[in-house]
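*Asks:* Sending over a structure as structure tokens; questions will come in a sec.
Rule-based calculations on the coordinates, nothing more; no lab input. In this text the structure is predicted, and so the values were computed from the model without any measurement. In this analysis, Cβ positions are derived from the backbone assuming ideal geometry, glycine residues included, and neighbour counts consider all displayed protein chains.
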Amino acid sequence: MREAFLQAVRRRALLADGAMGTQLIEAGLAQGESGDEWSLSQPERVRKIHAAYVAASSEVLVTNSFQASSLALARYGLSEKSYELNLRAARIARDCVGQAGFVLGDVGPFGGFLEPLGTTSRRDLEESFAIQVNGLLDGGADGIIIETMTSLEEIETAVAAIRRCRSGVPIVGSVTFDRVADGDFRTMTGVSVDDTVDFLVRLGTEVLGCNCGTGLHIGDYVQLVAAYRRLSDLPIMVQPNAGQPRLDRGHIVYDETPERMAGAIPGLIEAGASVVGGCCGTTPQHIALFRRQMEHVASASS
Ligand SMILES: [Zn+2]
């Protein structure tokens with residue numbers, strides 16, 4: 001019988017994949033086009049990205065569904081395709097990673113504000129997430145990652161939707177922090193790391209996560225993971241971005257090289273990371289070098 005995701009996470013450090021969004025752009029996604037829609041219209045391109053990560057030895061794939069909630073798809077006029085896009089996204093990832101690997105269904109921010117700041121009610125958001133999560137789980141996802149979140153209330157709403165869809169689904173709650181000073185991080189709405197971890201633990205997410213920070217370099221993630229670990233024994237998933245994007249002759253570039261990021265992998269694992277992957281700007285080359293570092297850590301500790 002195949003090992004469950006949470007069992008595997010508790011037993012050893014797992015290597016996830018790198019960015020999807022920046023790889024889609026690399027593969028020709030135009031500005032204003034929905035990358036999530038490619039799971040239907042360009043499945044072979046999505047498959048190729050996942051396959052490159054599997055070839056780089058990723059054992060956890062995150063689905064191509066970052067903006068595939070019906071509310072997020074509304075800006076492309078694709079709301080009614082939410083279930084199908086998520087189903088396809090999960091199936092493509094599963095096909096690529098096989099039964100020995102793991103698929104995390106990706107749930108990203110819906111792209112607006114909840115009432116009273118915005119016009120979206122929690123009920124509508126929960127409904128929207130539930131359609132997405134049903135698609136991801138029906139497509140074979142082992143768990144759900146709620147990621148790049150800056151609003152704790154939005155995470156809470158997503159968790160409610162997941163629990164409503166199916167009980168016992170492992171959830172990774174992954175938050176985006178800004179660096180406000182050396183060793184001090186806040187969410188966009190000013191929430192501290194302590195309060196964030198406390199919130200996630202009370203919410204009952206099985207894995208704590210952080211990803212795609214603003215102004216964060218790889219060393220900051222080591223500090224963040226260590227801070228998480230001081231506050232909780234839960235598994236931690238970390239997906240550092242390759243620095244901040246900048247424009248160079250019309251191209252978006254990220255400055256954190258595979259070598260530089262990979263150099264921090266032993267530190268991340270020592271600090272307590274259980275699942276390591278990459279966010280925006282990371283590539284299969286980053287992931288392949290992460291694996292080499294993880295093997296060094298494993299052989300040094302055995
Ligand atoms: Zn990112």
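*Asks:* Explain nothing, just the number: relative contact order of the range 216-302, from Cα pairs under 8 Å at least 6 residues apart, as a whole percent. Before the final figure, lay out the partial values.
*Replies:* Numbers: 117 pairs, mean separation 29.6, N = 87.
Once divided by the residue count of the range 216-302, the mean separation gives 34 percent.
*Asks:* As a footprinting exposure proxy, order VAL180, VAL169, VAL133 by other Cβ within 10 Å, with the fewest listed first. Don't skip to the end; give the middle numbers.
*Replies:* Values: VAL180 12, VAL169 19, VAL133 28.
Ordered by Cβ neighbours within 10 Å, fewest first: VAL180, VAL169, VAL133.
*Asks:* OK, next. Of ASP220, ASP17, ASP184, ASP248, how do they rank once you tally other Cβ atoms within 10 Å and put the fewest first? It would help to have the intermediate numbers written out before the result.
*Replies:* Numbers: ASP220 19, ASP17 30, ASP184 13, ASP248 9.
Taking fewest neighbouring Cβ atoms as first place, the list is ASP248, ASP184, ASP220, ASP17.
*Asks:* Relative contact order of the chain: what whole-number percent is it, with Cα pairs under 8 angstrom and at least 6 residues apart? List each step's numbers first, then the result.
*Replies:* Values: 620 pairs, mean separation 57.8, N = 302.
Relative contact order for the chain comes out at 19 percent.
*Asks:* Relative to the present Cα-Cα distance, how much length would full extension add between ALA100 and THR119 at 0.36 nm per residue of separation? Display every interim value, and only then the final one.
*Replies:* Working: separation 19, 0.36 × 19 = 6.84 nm, distance 4.29 nm.
The span from ALA100 to THR119 would gain 2.6 nm if fully extended.
*Asks:* Once Lys and Arg get +1 and Asp and Glu get -1 on their Cβ, which of GLY219, MET261, PRO116 lies farthest toward the positive end of the dipole of the chain?
*Replies:* Of the options given, the answer is MET261.
*Asks:* If each residue's Cβ is checked for other Cβ atoms within 10 Å, how do THR120, THR176 rank with the fewest at the top?
*Replies:* On the way: THR120 18, THR176 22.
In order of increasing Cβ crowding within 10 Å: THR120, THR176.
*Asks:* A further question follows. How large is the helix-only mean residue ellipticity at 222 nm for the chain, computed as the sum of -39500 (n - 2.57) over DSSP H runs with n ≥ 4, divided by its residue count, in deg cm²/dmol to the nearest 500?
*Replies:* Working: 13 runs with 136 residues, N = 302.
Computed mean residue ellipticity for the chain: -13500 deg cm²/dmol.
*Asks:* Now for a separate question. Provide the gained length on full extension for the span ARG11 to SER301, in nm with one decimal, where the gain is 0.36 nm per separating residue minus the Cα-Cα distance. Kindly include the intermediate steps, with their values, before the conclusion.
*Replies:* Details: separation 290, 0.36 × 290 = 104.40 nm, distance 1.40 nm.
Separation in residues times 0.36 nm, less the Cα-Cα distance, equals 103.0 nm.
*Asks:* Which net charge results for the neighbourhood of GLU206, defined as the other residues with beta-carbon distances under 14 angstrom from its beta-carbon, given Lys and Arg at +1 and Asp and Glu at -1?
*Replies:* Numbers: positive: ARG10, ARG163, ARG166, ARG202; negative: ASP142, ASP233.
Neighbour charge sum, excluding GLU206 itself: +2.
*Asks:* Calculate log10 I(q)/I(0) of the range 178-242 for q = 0.18 Å⁻¹, where I(q) comes from the Debye formula with a single equal point scatterer on each Cα and nothing for solvent.
*Replies:* Those come out to -0.60, one per q.
*Asks:* Please work out the Kirkwood hydrodynamic radius for the chain, using every pair of different C-alpha atoms, and report it in angstroms with one decimal place. Please list the in-between numbers first.
*Replies:* Working: mean 1/r = 0.0528 Å⁻¹.
When all Cα pairs of the chain are included, the Kirkwood radius is 18.9 Å.
*Asks:* When the dipole is taken about the Cα centre of the range 159-302, and only Lys, Arg (+1) and Asp, Glu (-1) are charged at their Cβ, what size is it in debye, to the nearest 20? Walk me through the numbers on the way to the answer.
*Replies:* On the way: 13 positive and 15 negative charges, 101 e Å.
The calculation lands at about 480 debye.
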